[in-house]
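The values are calculated or read from the model by the stated rules, or taken from the named source; none is laboratory data. Remember, it's a predicted structure, so these values are computed and weren't measured experimentally. Don't worry about glycine lacking a Cβ; one is built from the backbone with ideal geometry, like all the others, and counts go over all protein chains shown.
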4 protein chains.
Amino acid sequence: MTLWDKGAAVPKDIMEYTVGKDHELDLALVPFDCDASIAHAKMLSKIGVLTGKEAAELTAAFRSIKELHAAGNFSIAPQDEDCHTAIEKQLTEKLGDTGKKIHTGRSRNDQVAVALRLFMKDRLQQMKKSITQFQEILGKSIATFGGIMFPGYTHAQKAMPAPVSMWLGSFKDSMEDNKRFIDGVLKIIDQNPLGSGAGFGIPVFNLDKELTTKALGFAKVQENPLYVQLARGKFESIVMSALSAIAFDLNKLASDIILFSMQEFGYVKLPGEICTGSSIMPQKKNPDVLEILRGSYHVIVGNEMKIKGIMGNLMSGYSRDLQLTKGPLMESCKILLSSLQMATSVIGGMEIDEERCAAAMTPELYATEEAYKLVKEGMPFRDAYAEIGKKYG
Amino acid sequence: MTLWDKGAAVPKDIMEYTVGKDHELDLALVPFDCDASIAHAKMLSKIGVLTGKEAAELTAAFRSIKELHAAGNFSIAPQDEDCHTAIEKQLTEKLGDTGKKIHTGRSRNDQVAVALRLFMKDRLQQMKKSITQFQEILGKSIATFGGIMFPGYTHAQKAMPAPVSMWLGSFKDSMEDNKRFIDGVLKIIDQNPLGSGAGFGIPVFNLDKELTTKALGFAKVQENPLYVQLARGKFESIVMSALSAIAFDLNKLASDIILFSMQEFGYVKLPGEICTGSSIMPQKKNPDVLEILRGSYHVIVGNEMKIKGIMGNLMSGYSRDLQLTKGPLMESCKILLSSLQMATSVIGGMEIDEERCAAAMTPELYATEEAYKLVKEGMPFRDAYAEIGKKYG
Amino acid sequence: MTLWDKGAAVPKDIMEYTVGKDHELDLALVPFDCDASIAHAKMLSKIGVLTGKEAAELTAAFRSIKELHAAGNFSIAPQDEDCHTAIEKQLTEKLGDTGKKIHTGRSRNDQVAVALRLFMKDRLQQMKKSITQFQEILGKSIATFGGIMFPGYTHAQKAMPAPVSMWLGSFKDSMEDNKRFIDGVLKIIDQNPLGSGAGFGIPVFNLDKELTTKALGFAKVQENPLYVQLARGKFESIVMSALSAIAFDLNKLASDIILFSMQEFGYVKLPGEICTGSSIMPQKKNPDVLEILRGSYHVIVGNEMKIKGIMGNLMSGYSRDLQLTKGPLMESCKILLSSLQMATSVIGGMEIDEERCAAAMTPELYATEEAYKLVKEGMPFRDAYAEIGKKYG
Amino acid sequence: MTLWDKGAAVPKDIMEYTVGKDHELDLALVPFDCDASIAHAKMLSKIGVLTGKEAAELTAAFRSIKELHAAGNFSIAPQDEDCHTAIEKQLTEKLGDTGKKIHTGRSRNDQVAVALRLFMKDRLQQMKKSITQFQEILGKSIATFGGIMFPGYTHAQKAMPAPVSMWLGSFKDSMEDNKRFIDGVLKIIDQNPLGSGAGFGIPVFNLDKELTTKALGFAKVQENPLYVQLARGKFESIVMSALSAIAFDLNKLASDIILFSMQEFGYVKLPGEICTGSSIMPQKKNPDVLEILRGSYHVIVGNEMKIKGIMGNLMSGYSRDLQLTKGPLMESCKILLSSLQMATSVIGGMEIDEERCAAAMTPELYATEEAYKLVKEGMPFRDAYAEIGKKYG
């Protein structure tokens, strides 16, 4: 059964092809779809489409679906296409005509839009929390190891001395700006799309969009229904730009730690439990978790590209292509949240080897300082540079 | 249990993070891993590492795993990481010490490399077959509708008359070149990586690479073990370039049909069973399958980018990041194969509306022909162009 | 001559390869580099590295370079590598030892970072202004044509009636959010990197970063020098995410107008002067400007990917690879600013054909409204949907 | 003047926006456009559109334009849009009516298609030659340093011993396959598009496509004119997939050398003349050329994405968007050819430090060998692995 069933059967292979992974992906949307439906029922009741009793029955039914879902007991059959159909089906079975009425004044596009909006807000908030935890562990590591000096590199060549606090602190600062970026993104997407129908509004009925906006905790109504459709894909891609910015920091941190824990450096010691072995080489302790962390950046960037590619060169109004943006978005949220957790674990277990760091502090790292001392004594910088340059030539 | 177990437990979250979806993805690799193991056992027996009896026992065991898999009765537990571990585990349980011996003279990198290589060859061969079927249905459609004239467009403006045979034929020809592209890709990847160990060859034992090459049907040995590692990611990305080229043709075909079946054109009539409806608009018949077909191009291109991003800026020798190329490759193969099937169904059911096409043949489509007739009578082309241009100004 | 000349000549081909297009690109950075140098001189004077007289001479020299540049009379020779070298060279020729002193307490990395930061801030501000102009012209067009009804589409099929004001208004609203996005980006990048040296701070001298921050109009100091390096590429990619979001809206607008001005629709009439012709078809009037507008989205997205790819998998601290992010960023800014201008011109000249729109308002567009009327009379929505669905089956 | 001039002036800003960088880019196409025109004239003469005398005059004129161009004396004014217009303009000025006649039986789309096809063939042939030179220098380096043993790495951890010949040989082998890839690509694109007109063939005249095919050295005629248009963008993207595969090898080689020439490794010694310095740190010798080499991979991949993005979701027949694929293609060809040259220079000057390599051969590199020796003595591999694993635990 589908929400648009007209009697003619769609062949199974076509159904499977168009539905894709939606029935799996949509599991994550169930609570958000229920919340939106509860708000919609409340509103329909206020404008007289539902009686108070019907709204109460519907609300109770949605709450019990949410509970089922929270307990891991809600599933979506492939032939149900998506969570919206699966939920409405269960509703209609339970409440009969009342179940059918909940779809008054909204379309599935509406439902997808509002559920995804709530999902994105939720995940971005979770990320902010995870970032704060990550910053705390960075802070602890800086408190313990921050004073140790080790070589700073440019062009992968020893450049100047740097304290560990500068290295770890750069990620801490960047994560602070990542939270600012998330806030900026939230400011844009925090709009209630409910009431946009299929992209051209809801005729006949006078929906109270302010009511659902308040009930769902949105900052404001997204008034223009066609803007709701324009935002499909676009808001996802804006969210993805925050994700890829965060993932980039983790990519660089992972790149650094992989390098600094090579035998040739030894600045960093990784706890045994985060290393894995080789099937052929008995001696190996591999930083797999950091390699997956590093590679995850590119997975997220690739997902961002998918979304940006899918949504290009299309006319206004919904096209089914946009459904394909759901997977990359959801996968990326999951990867980023677990990546933040992994990075937190790694920093929590990582130690700095003070001896190896000290041994690496070779004289050429102080060349700039030497030149600057000459400058302080009155030599123009370019001359001091030439003077010291000869020494290390 | 893992193939590199040393007693220290890797925390569950780290294990899950590094394993990712491998335990699901690897199901598709089981038959290829078994085939490679059978060849490896044969070779080990020949060079005296296994007795003939041991090799026979191992071969029988691998065959029964293949049968289990073919019957849908083989699964990989998340804690087993991948198909290689799951298979070896089952083997060791069944055959004891003999099961342990199969890993002599190879590493998991070897196994992944050879299984993926066989997988890619298999899928590319399948694609060639699907393309041929698609070309046959295009041929049938051309035989039926090819003579109908309809407008050709440039810059989305009516340009010149075109027969339907030219339109559908362009895809048929392009698909022929796609098969050539696949052949070119096969010529590169058809190399046996077995014997490369972890990327630096197998010490102590003298493996007979020619034997496994012949047994597995590879064109030749990939001699340099480090080239095998260099090829990880690179061969995947070369395969992806063929997939995205094919997906592009389907993207354009879908774009055309979506446009030509709009009410404003009506050149194309889609069979009802491939259209889906709307949850709010009772009249809708939507070409969803074509929209997913169109969007799938971008999914494949995004996957290609993931692979090309993941493998960049890494040193020689295996890095775990490369594991992340498996998902995008496998997903893309699956999408492309089903997309070819869908395109075949669509063309099989699609009709050309001769009347709507005829009605669309407005006079300006013949302007070039008119100008050329003047040229034939002796007028220089630029003057004829100006003359006719005035008429349609 | 280079800023790091040590006497050994770098071969010409290597110099050309590493410099790339920098000597052309950097022309746009000259005024920003001069401004930063003036602020740096002021600061060096305050902390006693320069005398007041020296600072005044330097300031005057930088101002005259800015004037030369504004008049189109400043060029960068390929052998000078970049604007920083070209400017310092001119300075040293003019002021001798004083010219050499300006590089005290900063590195070229510093200069590139601060000049690019000022450049990005400037271009984002320009974009906000261009967006406002674009919104104004959208507003005017809505005032003139907004009341005209035409078909709204989903899945490229006629869906429901929509006023032109809804269509154009969706872009106007989205552009408002684009300005919010730019503000969010500005909030992140508005940090003064000056004083970070080569990424590990400036030894010996106590720079007054607050002074340069105030002088250059930055919101705050970017304290951690290694974060300045981490931000290289990252800030560029954050800026790019705003650009691609804006370019996406223009892509969709162009896609719509190209479609709606096809002979089969005729909803939109384009002024002759923005159309171009064909070299072979005398009748053609092609919407080339809209096609370039549409395609420019992908150019910008591709540039975003370049930057995101280049900066991945690199260790902390500057790597020359990052120089390659400059071109894609600058090209994208230029393209987006001219695209906004083009979109403004197109909307300014575009007319809506009321008759063609009216003729396109076929009955099925009102099916949802009909169903909703039945609902209002008491029929559950799913039943009304089925009832009306039969009518348009 | 344009080839489609109808009297109405296109505003300067719109002209500039649509022409973009074509007038610069097209300089590289001039010889190919001339060659194609000479072949076209020959054919027009054979089918009686031109007299023998006219064809001879035209041929002479095109040859002199080629000579002008070869001498660096041909330029394209921005208002001429592209090389085709600039060349025809010069022709018409010189030969009057005869000059006007050359455009009979072809469109600008034809000209762009054939010139780009010839350009791509030429550049791919050049790349094959550059690859062979690069392989030769790799061969020389292997002859000199190949026998030196140094550590092989997996997961960036010391894994097993490897000879330098294995390391450099992996690139040599991969380059051999790159030439195979190029051959596969050439096999696809080596088709003559001339005669396709604007994508729907040439009416009235019976062109002799075999003649131009033979004259231009194409392998065959690309018969279906709409396939010629379908191939626009697609062939470019297929070419790009070869370029990014080659650039990937150079990316990995550069990544290795940058790492191996770090002070911590010292396996590789770079000649002073390919290193550049720092503006602040007097001691620095930076491998800039290798960093640009590494980053260029991502530039090429980004260009590939531009092309694959631009051409998606478009209907059949030419759209101006496709013009934007020219820049990324041409830039990438230029970058790759110079990158191959740079890589050749680097390998030519690079030395392997035998002492540093020897010092790096620590005992754990032999763990696999030790385990295999136990296996050879009869111990099952998994047990030997556990035994040796304890030793290096």
* To do: From (1) among the hydrophobic types (A, V, I, L, M, F, W, C); (2) part of a helix (DSSP H, G or I); (3) crowded, with 17+ Cβ neighbours inside 10 Å, pick out the condition that doesn't hold for B:Phe74.
  => (2)
* To do: Would you mention how many residues in the stretch D:200-221 are assigned to a loop (DSSP other than H, G, I, E, B) and in contact with a helix residue (DSSP H, G or I) (Cβ under 7 Å, 6 or more places away or on another chain)?
  => 7
* Top-ranked residue of the stretch C:341-357 - restricted to ones that are within 20 Å of C:Gly169 (Cβ to Cβ) and more than 11 Å from every other protein chain (Cβ to nearest Cβ), ranked as nearest to the chain's Cα centre (by Cα) -> C:Ile347
* Selection within the stretch B:65-122 - touching a residue at least 60 places away in the same chain (Cβ under 8 Å) and polar (S, T, N, Q) -> B:Gln79, B:Thr85, B:Thr104, B:Ser107, B:Asn109, B:Gln111
* Asked: So which residues in the stretch B:7-25 are surrounded by fewer than 18 Cβ atoms within 10 Å (Cβ to Cβ) and either modelled with pLDDT under 85 or assigned to a helix (DSSP H, G or I) (or both), if there are any at all?
  -> B:Gly7, B:Ala8, B:Ala9, B:Pro11, B:Lys12, B:Asp13, B:Met15, B:Glu16, B:Glu24
* Please find, among D:Gly195, D:Gly201, the residue that is closer than 15 Å to D:Ser107 by Cβ and either of a type in the set (Asp, Glu) or surrounded by fewer than 23 Cβ atoms within 10 Å (Cβ to Cβ) (or both). => D:Gly201
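Scanning the stretch C:309-334 for residues that are free of Cβ contacts under 8 Å to residues at least 40 places away in the same chain and more than 7 Å from chain D (Cβ to nearest Cβ), which turns out farthest from D:Asp256 (Cα to Cα)? Give the derivation first.
Restricting attention to the stretch C:309-334, the residues satisfying the condition of being free of Cβ contacts under 8 Å to residues at least 40 places away in the same chain are C:309, C:312-315, C:319, C:321, C:331, C:334.
Filter once more, so that each one left must be more than 7 Å from chain D (Cβ to nearest Cβ): C:312-315, C:331, C:334.
Working: C:Gly312: 16, C:Asn313: 13, C:Leu314: 13, C:Met315: 14, C:Glu331: 31, C:Lys334: 36 Å.
Here the answer is C:Lys334.
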* **One residue from D:Gly348, D:Gly389 being in contact (Cβ under 8 Å) with a residue 24 or more places away in the chain and either touching a Gly at 6+ places or on another chain (Cβ under 8 Å) or of a type outside the set (A, V, I, L, M) (or both)** => D:Gly348
* Six or more apart or on different chains, Cβ under 6 Å: which pairs go from a residue in the stretch C:221-240 that's assigned by TED's automatic domain parsing to the domain that holds C:Pro328 to one that's among the basic types (Lys, Arg) and surrounded by fewer than 24 Cβ atoms within 10 Å (Cβ to Cβ)? Could you list them? => C:Val221/C:Lys209
* Structure fact -> Within the stretch D:45-55, the count of residues that are of a type in the set (A, V, I, L, M, F, W, C) and surrounded by fewer than 15 Cβ atoms within 10 Å (Cβ to Cβ) comes to 1
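Looking at the stretch B:269-285 only, could you name the residues that are at the interface with chain A (Cβ under 7 Å from one of its Cβ atoms) and within 22 Å of A:Gly201 (Cα to Cα)?
So in the stretch B:269-285, the residues at the interface with chain A (Cβ under 7 Å from one of its Cβ atoms) come out as B:272-274, B:276-281.
B:Thr276, B:Gly277, B:Ser278, B:Ser279, B:Ile280, B:Met281, listed by residue number.
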* Asked: In the stretch A:259-268, is there at least one residue being under 21 Å from A:Leu124 (Cα atoms) and either among the aromatic types (Phe, Trp, Tyr) or within 11 Å of chain B (Cβ to nearest Cβ) (or both)?
  -> no
* Pair list, Cβ under 7 Å, 6 or more apart: the stretch C:28-54 residue in contact (Cβ under 8 Å) with a residue 24 or more places away in the chain and under 15 Å from C:Asp208 (Cβ atoms), other residue in a helix (DSSP H, G or I) and among the aromatic types (Phe, Trp, Tyr) -> C:Ile38/C:Phe62
* To do: Return the pairs, sorted by first residue and then second, in which the second residue is of a type in the set (D, E, K, R) and part of a helix (DSSP H, G or I), the first residue lies in the stretch C:293-308 and is closer than 10 Å to D:Asp321 by Cβ and facing chain D (nearest Cβ under 7 Å), the beta carbons are less than 6 Å apart, and the residues are 6+ apart or on different chains.
  => C:Arg294/D:Asp321; C:Gly295/D:Asp321; C:His298/D:Lys306; C:Val299/D:Lys306
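Could you go through the stretch A:258-271 and let me know if any residue there is closer than 30 Å to C:Met311 by Cα, under 26 Å from the mean Cα position of the chain (by Cα) and surrounded by 23 or more Cβ atoms within 10 Å (Cβ to Cβ).
From the stretch A:258-271, those closer than 30 Å to C:Met311 by Cα are A:258-271; that's our starting set.
Going one step further and asking which of them are under 26 Å from the mean Cα position of the chain (by Cα), we end up with A:258.
In the following step, the residues that additionally are surrounded by 23 or more Cβ atoms within 10 Å (Cβ to Cβ) were identified as A:258.
Yes, the stretch A:258-271 contains a residue that is closer than 30 Å to C:Met311 by Cα, under 26 Å from the mean Cα position of the chain (by Cα) and surrounded by 23 or more Cβ atoms within 10 Å (Cβ to Cβ).
Residues of the stretch D:152-209 being on the phi > 0 side of the Ramachandran plot and within 9 Å of chain B (Cβ to nearest Cβ), which ones?
Step one: list which residues in the stretch D:152-209 are on the phi > 0 side of the Ramachandran plot, which gives D:155-156, D:195, D:197, D:199, D:201, D:204.
Answer for the stretch D:152-209, where residues must be on the phi > 0 side of the Ramachandran plot and within 9 Å of chain B (Cβ to nearest Cβ): D:His155, D:Ala156, D:Gly197, D:Gly199, D:Gly201, D:Val204.
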* Structure fact -> Scanning the stretch A:345-379 residue by residue, those buried (at least 16 other Cβ atoms within 10 Å of the Cβ) and among the hydrophobic types (A, V, I, L, M, F, W, C) turn out to be A:Val346, A:Ile347, A:Met350, A:Ile352, A:Cys357, A:Ala360, A:Leu365, A:Ala367, A:Ala371, A:Leu374, A:Val375, A:Met379
* **Residues of the stretch B:346-381 satisfying the condition of being β-branched (Val, Ile, Thr) and touching a helix residue (DSSP H, G or I) at 6+ places or on another chain (Cβ under 9 Å)** => B:Val346, B:Ile347, B:Ile352, B:Thr368, B:Val375
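Of a type outside the set (S, T, N, Q) and under 30 Å from D:Pro31 (Cβ atoms): which single residue out of D:Lys140, D:Lys172, D:Lys129, D:Lys158 fits that description?
Every option except D:Lys129 fails the conditions.
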* Among helices (runs of 4 or more DSSP H) lying entirely in the stretch B:281-393, which contain 2 or more residues that are among the polar types (S, T, N, Q)? -> B:288-310, B:326-349
* Can you tell me which residue in the stretch B:77-103 is nearest to B:His23 (Cα to Cα), limited to those that are among the basic types (Lys, Arg) and surrounded by fewer than 22 Cβ atoms within 10 Å (Cβ to Cβ)? -> B:Lys89
* What number of residues within the stretch D:182-216 satisfy the criterion of being among the charged types (D, E, K, R) and either in contact with a strand residue (DSSP E or B) (Cβ under 6 Å, 6 or more places away or on another chain) or in contact (Cβ under 8 Å) with a residue 60 or more places away in the chain (or both)? -> 3
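Could you grab me the full set of residues in the stretch D:201-235 that are of a type in the set (Phe, Trp, Tyr) and modelled with pLDDT of 95 or more?
If the condition is that a residue be of a type in the set (Phe, Trp, Tyr) and modelled with pLDDT of 95 or more, then D:Phe218, D:Tyr227, D:Phe235 are the ones that fit.
Could you say which residue among A:Ala156, A:Ala231, A:Ala143 is within 30 Å of D:Phe260 (Cβ to Cβ) and of a type in the set (Gly, Ala, Ser)?
On the way: A:Ala231 fails: within 30 Å of D:Phe260 (Cβ to Cβ); A:Ala143 fails: within 30 Å of D:Phe260 (Cβ to Cβ).
When all the criteria are applied, what remains is A:Ala156.
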* **Some residue of the stretch C:121-142 being within 29 Å of C:Ile47 (Cβ to Cβ) and within 31 Å of the chain's Cα centre (by Cα)** => yes
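Do you know which of the residues in the stretch C:222-239 that are charged (D, E, K, R) and either within 8 Å of another protein chain (Cβ to nearest Cβ) or not in a helix (DSSP H, G or I) (or both) is surrounded by the most Cβ atoms within 10 Å (Cβ to Cβ)?
The first filter runs over the stretch C:222-239 and keeps only residues charged (D, E, K, R), leaving C:223, C:232, C:234, C:236.
Filter again for either within 8 Å of another protein chain (Cβ to nearest Cβ) or not in a helix (DSSP H, G or I) (or both), leaving C:223, C:234.
Numbers: C:Glu223: 17, C:Lys234: 25.
It comes out as C:Lys234.
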